[in-house]
């Protein structure tokens, strides 16, 4: 395997001490210590702080680095417990300290790190990383190549979790990459999704696989009968749409054990993207020779279906399902009833997954435009021409990242989310995958066989 041409520390600070982090400060009259219920997470993470060996009946001020984020009062033994703090929204990726100060102080590390663990960011789709605070419209024009990793063949869309990047290749393998050390492990499969320390994906053996995301050790498998698209993980369940005779099976598996909770047959051809899930309901598109429907399924029963051809994962946000269709429209449907809220017509088919951020729906059309639509009304906010077609966008911190191309030359574009102004682009010879943006890095694969990572200098 070729190693990265330039190293970027995706997982350099990943060392944890179980569920709590401890760092003791030696003092002449004892050791003061604090511990956290969580010591890794994105900005805005809520954590509980406990401490001991502080002065009795004292006020302890709690800081995140230099910013005061809370306080606690010790008991007669100099201890306190379960004081809540919130990691500042502005906290950048990397190592930080949570500090407790009275007459004495103690501190413990907190690692700020976000994930993009599934294709749609979360199980409900939407492709919006609300935690990004490094890249913005003010600096995205300075993006430079941090590394590119050579795989044997063209790549599928990556996901990022726990300091690892997971992606499939046209050589039939799925790779787990740490940018510091190269490939940690690889296996046969595609369509990765990560949740609670497990990596879920489809194998070419028709099994759904669950592996330890760090080591690659197998936890469970489930035979899906036939080929399936990548899974989506939500609420302790893994949902998989698997092709079957004259239709497909939609299955719900226990995320920890692989136990089959329910399976239902759908008379249609599923879309080539993972389903989306929210509040125990699965939303899956259908296209092809049998039927054209967007369906909502709960506990194995179809709640509703709407007659449109959907080729990609819908976005489910605030009780509304947003989806593009081959009939040239972007649709907004009530998530509970399936009734039409609004639709917006473009000039050509909308095969891409929409992104949803800050009350705006971003959708790429085959007419070469990226559309920004009011999420409530469907009114056009802006339209930007970017090429022959526009793929599934990703939105992070005021920037829309979207692929375009004409079959000969392809671009990854970064646009201002409010104005549509082109801020940056990268030219490729072969089509790139839909990008993901996390911890100040833009990741995407390409038909040229490379995984790319762009960040600030």
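What follows draws every value from the coordinates through simple rules; no lab data is involved. If you're wondering where the values come from, they're calculated on a predicted model, not measured in any experiment. Every residue, glycine among them, receives a Cβ derived from its backbone with ideal geometry; neighbour counts consider all protein chains shown.
A few remarks follow.
- 10 Å-binned pair-distance histogram of the chain (Cα, whole percent): 4, 20, 28, 25, 14, 6, 2, 0
- Packing-based order for 37-47, 432-442, using average beta carbon neighbours within 10 Å, highest first: 432-442, 37-47
- Cα centroid separation - region 415-454 against region 274-337, whole Å: 27 Å
- Counting 0.36 nm for each residue step from residue 421 to residue 150 and taking away their Cα separation leaves a gain of 94.4 nm.
- Temperature 10 °C, viscosity 1.306 mPa s: under these conditions the Stokes-Einstein estimate for region 22-112, based on its Kirkwood radius over C-alpha pairs, is 124 µm² per second.
- Calculated log₁₀ intensity ratio I(q)/I(0) where the Debye formula runs over C-alpha points of region 258-385, q = 0.16, 0.17, 0.21 Å⁻¹: -0.72, -0.80, -1.18
- What the Cβ-Cβ distance of residue 37 and residue 260 gives, at R0 = 22 Å and to the nearest 0.05, is a FRET efficiency of 0.10.
- Between the C-alpha center of region 363-406 and that of region 25-84 there is a gap of 46 Å.
- Whole-number percent relative contact order across the chain, with pairs defined as alpha carbons under 8 Å at least 6 apart: 13 percent
- Residues residue 358 and residue 67, FRET efficiency given R0 of 30 Å [Cβ-Cβ distance, rounded to 0.05]: 0.75
- With N the number of residues in region 355-450, Rg(Cα) / (2.2 N^0.38 Å) evaluates to 1.02.
- Each part reduced to its alpha carbon centroid, region 138-184 and region 207-254 end up 23 Å apart.
- Relative packing of 117-130, 83-96, which averages over residues the other C-beta atoms within 10 Å, highest first: 117-130, 83-96
- When DSSP beta bridges are restricted to pairs lying wholly in region 22-112, around 95% turn out antiparallel.
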